[in-house]
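See below for the structure under consideration.
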There are 2 protein chains.
Amino acid sequence: MHVYNHRSNINLKRFVALKCSVYKSLRAIIKDADLYLICVSDAAIPGVVKQITDVVGSNLVLHTSGSTDLSVFHKLKINGGVLYPLQTFSMDAEVNWDTTPVLIEAIQPAMRRQLKNWALLFSKTIQYCNSKKRLAYHLNAVFVNNFVNALYSLSEIYCKTNNLNFRLLNPIIQSTVTKVNKYSPLKSQTGPAKRGDEVTMNKHLQLLKLQPIEKQIYLQLTELIKKQHGKL
Amino acid sequence: MHVYNHRSNINLKRFVALKCSVYKSLRAIIKDADLYLICVSDAAIPGVVKQITDVVGSNLVLHTSGSTDLSVFHKLKINGGVLYPLQTFSMDAEVNWDTTPVLIEAIQPAMRRQLKNWALLFSKTIQYCNSKKRLAYHLNAVFVNNFVNALYSLSEIYCKTNNLNFRLLNPIIQSTVTKVNKYSPLKSQTGPAKRGDEVTMNKHLQLLKLQPIEKQIYLQLTELIKKQHGKL
């Protein structure tokens, strides 16, 4: 496998360890690859596509972005496609690839089988999905991953500031996710907002009185729960 | 064990199955119990305390509320205390009690040992905690459980309305919680808000244009992430 990366020597070293050939310039890109995989930031995709168009010929070129339309390839008439893993990645956490859904899309229907076979190397859960739906999944991933994690961070900071032990919340965090993986979250909602328990909510708001953003988020999510349960 | 419950026959039947004696009136309450455990809604606690004061004598009476101050007992001069499991409960989900933190508090220091021994019947993780701190833990539980679940519900509803499969998000939901149980959520934050990727955020907001509350929550949580990462 050949890997091009002009930004980070550290990341290239990881690939060297995996016995890949690594390059720091796209100019060194080879012409006879079976597959070209573009794993760069969304904003950088069009530039990379442009640079490699003359080299890739009729071979498959895929990007891995949730929010970039397939049309990023269309204009340049290469055999573009998408291989988007609906998952969160970070350097220090293992990913269970078998269960990670991989959403795929190809410009040419004839490329679909080939694309599916590539995707099956990564995961057992493959789904065809157009750009519009993929963006919608990406939006939902922001809600259930980025925004959920922001609430965890809010709590982590609150605990640190108020001399509480954030780690005491691990079991309730775990229970919440265990439930959602089995049941409808809408049906298993609990808490003061769901019960309409204004006394408790006012006690909470009192604790947040010096934190305008956090207080606003408390009020807004309370309103969301009321709406979700027909109480608005 | 004697169980009093005036509201639900169904719940009483569960206790009968566990070989408890069940009663539908507090007037039938016995005088020689080792422990009186009040598990009612927060608003109902003062009334129950009042009703049982003459019966309980000097024996231990505990409530299990996260947001009710210990002073609910103080006025009535009974041996009050708190046994608050920092956990979420529902009829259909099993709870891992061993790891569930139980926050305890007693009016009389002399009762602390006895209270701790009772708490140890439930969990291995016992912590003394005053009412103010317990309320703060309760607030944090609302953020990491009730509000996180509300975001899951938002996504569940969005997926249903837009013909997406909510279950495809299970793996990313699971990864997010696996990470938070190991690492600092603040340090492992990812996503367009963290990156300052306005192009992607605008695409998302476009999808939410007909949902004012959801859009507002998107904007507010984006602002929170920017603040958490020094970008406001």
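Every number here is computed from the coordinates shown, using simple stated rules; none is lab data. Note that the coordinates shown come from a computational prediction; the quantities given were computed from them, not determined experimentally. Positions of Cβ are generated from backbone atoms using ideal geometry, with glycine treated the same way; all protein chains shown enter the neighbour counts.
With only Lys, Arg, Asp and Glu charged, each at its Cβ (+1 for the first two, -1 for the last two), find how big the charge dipole of the protein assembly as shown is about the Cα centre; round to the nearest 20 debye.
Roughly 120 debye for the protein assembly as shown.
For B:K227, go 7 angstrom from Cα along the Cα-to-Cβ vector, then report the distances to that same point in the other copies in nm, smallest first.
So the distances to the same position in the other copies read 2.0 nm.
Using only Cα atoms, figure out Rg for the stretch B:101-232 and give it as a multiple of 2.2 N^0.38 Å.
After normalising by residue count via 2.2 N^0.38 Å, the value is 1.43.
I'd like the orientation of helix B:170-180 relative to chain B: the angle between its Cα long axis and the longest Cα principal axis, in ° from 0 to 90, rounded to 10.
Approximately 70 degrees, to the nearest ten.
Take every Cα-Cα pair in the stretch A:1-107 and report what % of them are more than 22 Å apart.
I get 35 percent for the Cα pairs in the stretch A:1-107 exceeding 22 Å.
Kindly provide the helix-only [θ] at 222 nm of the protein assembly as shown, computed as the sum of -39,500 (n - 2.57) over DSSP H runs of four or more divided by all residues, to the nearest 500 deg cm²/dmol?
Theoretical 222 nm ellipticity from helices: -13000 deg cm²/dmol.
Placing one identical point scatterer on every Cα of the stretch A:57-168 and ignoring solvent, what is log10 I(q)/I(0) from the Debye formula at q = 0.11, 0.14 Å⁻¹?
-0.46, -0.65
Just to be sure I understand: with springs between alpha-carbon atoms less than 10 Å apart, which residue in B:V180, B:V148, B:V102 has the highest mean-square fluctuation in the Gaussian network model of chain B?
B:V180
Comparing B:R27, B:R112, B:R195, which has the greatest mean-square fluctuation in the GNM of chain B with Cα pairs linked when under 10 Å apart?
B:R195
Only bridges with both residues in the protein assembly as shown count here: give the DSSP antiparallel percent, nearest 5.
Roughly 25 percent of the DSSP beta bridges within the protein assembly as shown come out antiparallel.
Note down the relative contact order for the stretch A:52-151 as a percent, whole number, built from C-alpha pairs under 8 angstrom at least six residues apart.
Reported as a whole number, the value is 26 percent.
Let me know the volume per residue of the alpha-carbon convex hull for the protein assembly as shown, in Å³.
168 Å³
Taking every residue in A:85-92, how many Cβ atoms of other protein chains lie within 10 Å of its Cβ, on average?
5
Can you list the copy-to-copy distances for A:K124, using a point 7 angstrom from Cα toward Cβ, in nanometres, shortest first?
Those separations, rounded to one decimal, come out as 3.2 nm.
Can you list, shortest first in nanometers, how far A:L37 lies from the same residue in the other copies, with each label 7 Å from Cα toward Cβ?
Going from nearest to farthest copy, the values are 5.3 nm.
Which of the pairs A:K13/A:K124; A:K160/A:K182; A:K132/B:K209 have their Cα atoms more than 24 Å apart in this structure?
A:K13/A:K124; A:K160/A:K182
Mind pulling the angle between the C-alpha long axis of helix A:131-141 and the longest principal axis of chain A? Nearest 10 degrees, somewhere in 0 to 90.
40 degrees
Averaging sequence separations of C-alpha pairs under 8 Å and six or more residues apart, then dividing by the length of chain B, give the relative contact order as a whole percent.
Result for chain B is 10 percent.
I want to verify a result. In a Gaussian network model of chain B, Cα cutoff 10 Å, which of these has the top mean-square fluctuation: B:I45, B:I172, B:I126?
Of B:I45, B:I172, B:I126, the Gaussian network model singles out B:I172 as fluctuating most.
I'd like the distance separating the alpha-carbon centroids of the stretch A:45-66 and the stretch B:167-203, in whole Å.
Result: 27 Å between the Cα centres.
Where Lys and Arg each count +1 and Asp and Glu each count -1, what net charge lies around B:E105 among other residues with Cβ under 13 Å from its Cβ?
For residues surrounding B:E105, the net value is +4.
Inside 10 Å of the C-beta atoms of B:204-216, what's the mean count of C-beta atoms belonging to other chains?
3
On a 0 to 90 degree scale, rounded to 10, what angle separates helix A:198-207 from the longest Cα axis of chain A?
70 degrees
Percent antiparallel among DSSP beta bridges with both residues in chain B, to the nearest 5?
Antiparallel bridges make up about 30 percent of those DSSP assigns within chain B.
In a Debye calculation with equal point scatterers on the alpha-carbon sites of chain B and no solvent, what is log10 I(q)/I(0) at q = 0.12, 0.13, 0.17, 0.18 Å⁻¹?
One equal scatterer on each Cα of chain B leads to -0.85, -0.93, -1.25, -1.36.
Nothing charged except the Cβ atoms of Lys and Arg (+1) and of Asp and Glu (-1): what's the magnitude of the dipole of the stretch B:140-223 about its Cα centre? Round to the nearest 20 debye.
It comes to approximately 220 debye.
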